[in-house]
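**Q** Okay, handing you the structure first.
Here, each number is a calculation from the coordinates, and none is a lab measurement. For clarity, every value in this text was computed on a predicted model and none was experimentally measured. Heads up, the Cβs are rebuilt from the backbone with ideal geometry, glycines too, and the neighbour counts pull from every protein chain shown.
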Amino acid sequence: ALYLSADQKDEAIRAGEALVSLAPGDPETRLSLAQVYLTYRQPEKALAEYRTALRLEPNEPEYYRQYGEVLESEKRYGEAHEAFRKMLD
């Protein structure tokens, strides 16, 4: 959060990646890194982190909502629709 507020891109990404390496099984850490990637326009890396978080916590509707919103912003409407459907299930 500190690096993001200071707009220190490389440091923010490195810090997020370091946190994930310390807690690879923590879905919240994955979501935080995904948000850093989104902030710095790296949507494919962000989507990969969302997919990992969903594998770790497949019954969390909020994760599907966030994932769907990113897919929608990338104009990947079919995949977004599927993510939102899973959110509602």
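**Q** Quick one: putting +1 on the C-beta of Lys and Arg, -1 on the C-beta of Asp and Glu, what dipole do you get for the range 3-89 around its Cα centre, in Debye to the nearest 20?
**A** 200
**Q** Scan the chain and report its longest stretch carrying no trypsin sites (Lys or Arg not before Pro) that are both in a DSSP loop and have at most 12 other Cβ atoms within 10 Å.
**A** Longest site-free region, per DSSP loop and neighbour criteria: 1-40.
**Q** Just how far, in whole angstrom, is the range 19-59 from the range 3-17 if you go by their alpha carbon centroids?
**A** Going from one Cα centre to the other spans 15 Å.
**Q** So which lysines pass the test for Lys86, namely a Cα distance under 30 Å, with those fewer than 8 places away in the same chain ruled out?
**A** Excluding near neighbours in sequence, the set is Lys45, Lys75.
**Q** What do you get for Rg/Rh over the chain if you use C-alpha atoms and the Kirkwood form of Rh?
**A** Using only Cα positions, Rg/Rh for the chain is 0.99.
**Q** Students often forget the sequence filter, so: which aspartates and glutamates lie under 15 Å Cα-Cα from Lys9 once same-chain residues fewer than 8 apart are removed?
**A** Glu17
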